[in-house]
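Read the structure below first, then the notes.
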Amino acid sequence: MIKKLFLFTLLVSSFLVISCNNKDKTGTGASPEIETYAGTYNGNMSYTVDPSQNFQTTLTVNADGSVVLNISSIFDTPLTISKSELQNNGGGKYTCSGTDAGFTGTITFQFNGSSVVISIDISDSSSAEMQMTGTLTKQTTAQQ
């Protein structure tokens, strides 16, 4: 199990940076563009196999539609995903998928009001799966 957690941690950052899929990004139906959700979201993510271990997570949605994901103790550097690498699935749901070194993975962002649920799914050729998930809340700036 520890070996799988280590592989998950190592590979999730490398393969998504290298090979996010560049399919048709138009999505289905009229859905807002991701920059509609611009701002910074904070919260915790955890492995589904060990939900007691939380990892501080920050997601920044930029005005240009790119997103920056940082999961403390998992990523050495934040993962940046350009708008062109995200598929708009409608209803506030966006995905980025890729394959590297025999592993296939998907990051899903599901926006709902002032929060976003993030799921990271990794599987290998033997169908072994690892998942990380968490809910982040949009941070507001104080009025002066």
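Note on surface exposure: Thr40, Thr108 rank Thr40, Thr108 by accessible area, highest first, 1.4 Å probe. Ellipsoid semi-axes for segment 52-144, based on the Cα gyration tensor and the rule √(5λ), read 24, 16, 13 Å when sorted largest first. Glu129 contributes about 130 Å² of solvent-accessible surface, heavy atoms of the protein only, 1.4 Å probe. Proximity of backbone amide H atoms, modeled 1.01 Å from N, is registered between Ser66 and Lys83 at under 5 Å, excluding neighbours fewer than 5 places apart on the same chain. Only protein heavy atoms count here; under a 1.4 Å probe, Met130 has an accessible surface of about 20 Å².
The values are calculated or read from the model by the stated rules, or taken from the named source; none is laboratory data. Predicted model, so just to flag it, every value in this text is computed and none were measured. What goes into the accessible areas is simple: the full protein's heavy atoms, side chains included, and nothing from ligands, DNA or RNA. Shrake-Rupley method; radii C 1.70, N 1.55, O 1.52, S 1.80 Å.
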